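Step one of this worksheet: look at the structure below.
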Amino acid sequence: VPASADSLAYVMFTSGSTGRPKGVMVPHRGVVRLVCGASYFRFGPEHRYSQLAPTAFDASTMEIWSALLHGAQLVLAPPHSLSLEELAAFFRRHAPTSVVLTTALFEQMALHQGDTLARVSQLMIGGDVMPAERARQHLAKLAPGSVLINGYGPTENTTASTAHIMGPASPVGHAVPIGKPIGQSTVYVLD
């Protein structure tokens, strides 16, 4: 089936920044912009991506297409809500290299399953303000070469718009920045 960059890939429902439910029409170019030719995240066949988010949540776009468009392994989580202990066991069993978590789940995992979470070599967090103290605690446990990425982006912009990449030696001030625009993106800060 012929499809152009502007052809519809999927519709994702969200209340977004307005608080009013709406369907967001995401074109193929949005998915490609997110996971192809991007430098904020490592992509490739040597990675193992976890798919934890329901497909009705925009984080699943990052999880699924990061793997499928780069010949990598995609490890599917069981189809029920996982407890922190079950999620840690999933990470230990499958050893994903790349994980996307909401900020709230990151906080709980870092507090209660921090050593297991620190085994993930690239972890992207998004959906809310990342607590600086939790970021510092997590970074202190990371192996050299591992990264913690604070991502920001509304569903309307296909999951991520900006990224702030931190490694084990990165300083963290009183706030964790949302970072700079990811590839093929421009960000405008408006009054």
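Take Met124: with every protein chain present and a 1.4 Å probe, its accessible area is about 10 Å². In order along the stretch 172-180, phi translates into HN-Hα couplings of 10, x, 6, 9, 8, x, 7, x, 10 Hz, rounded to whole numbers, per the Karplus curve 6.51 cos²θ - 1.76 cosθ + 1.60 with θ = phi - 60° and x for Gly and Pro. Considering only Arg42, Arg92, Arg20, the mean-square fluctuation computed in a Gaussian network model of the chain, springs between alpha carbons under 10 angstrom, is largest for Arg20. The charge dipole of the stretch 1-140, taken about the Cα centre with unit charges on the Cβ atoms of Lys, Arg (+1) and Asp, Glu (-1), comes to about 200 debye, rounded to the nearest 20.
Per the Cauchy relation, a quarter of the hull surface: what is the mean projected area of the convex hull of the alpha carbons in the stretch 1-105, in nm²? Mind showing how you got there, number by number?
On the way: hull surface 32.4 nm².
So the Cα hull casts an average projection of 8.1 nm².
Under the criterion of Cα pairs below 8 Å and six or more residues apart, the relative contact order for the chain equals 18 percent. Note on the stretch 95-140: Cα convex hull, mean projected area over all directions, 2.8 nm². Which of these, Leu101, Leu139, Leu84, has the largest mean-square fluctuation under a Gaussian network model of the chain (Cα springs below 10 Å)? Highest fluctuation among the options: Leu84. For the stretch 1-49, the Cβ-based charge dipole about the Cα centre amounts to some 160 debye (Lys, Arg positive; Asp, Glu negative; other atoms uncharged). Three principal axis extents describe the C-alpha atoms of the stretch 88-174; from largest down they are 34, 29, 22 Å.
In the chain, the DSSP beta bridges split such that about 50 percent are antiparallel, to the nearest 5. Calculated mean residue ellipticity at 222 nm for the chain: -8000 deg cm²/dmol, from DSSP H runs with n ≥ 4 weighted as -39500 (n - 2.57), summed, divided by the residue count and rounded to 500.
Are there DSSP H segments in the chain that both extend 20 Å or more along their axis (alpha-carbon positions) and score a mean Kyte-Doolittle hydropathy of at least 0.0? List them, or say none. Walk me through the numbers on the way to the answer.
Working: long enough: none.
Result, helices passing both filters: zero.
Please check: in the Gaussian network model of the chain (C-alpha springs, under 10 Å), which one of Ser121, Ser146, Ser83 has the largest mean-square fluctuation. In this elastic network of the chain, the residue with the biggest mean-square fluctuation among Ser121, Ser146, Ser83 is Ser83. Remark: accessible surface ordering of Lys141, Lys22 (largest first) is Lys141, Lys22, probe radius 1.4 Å. Translational diffusion of the chain was estimated from the Stokes-Einstein equation, with Rh taken as the Kirkwood radius over Cα pairs; at 4 °C and 1.567 mPa s the coefficient is 76 µm²/s.
The values are calculated or read from the model by the stated rules, or taken from the named source; none is laboratory data. What you see is a predicted model; the values in this text were computed from it and never measured. Cβ atoms come from the backbone with ideal geometry, glycine included; neighbour counts cover every protein chain shown. Surface areas here come from the heavy atoms of the whole protein model, side chains and all, with no ligands, DNA or RNA. Shrake-Rupley method; radii C 1.70, N 1.55, O 1.52, S 1.80 Å.
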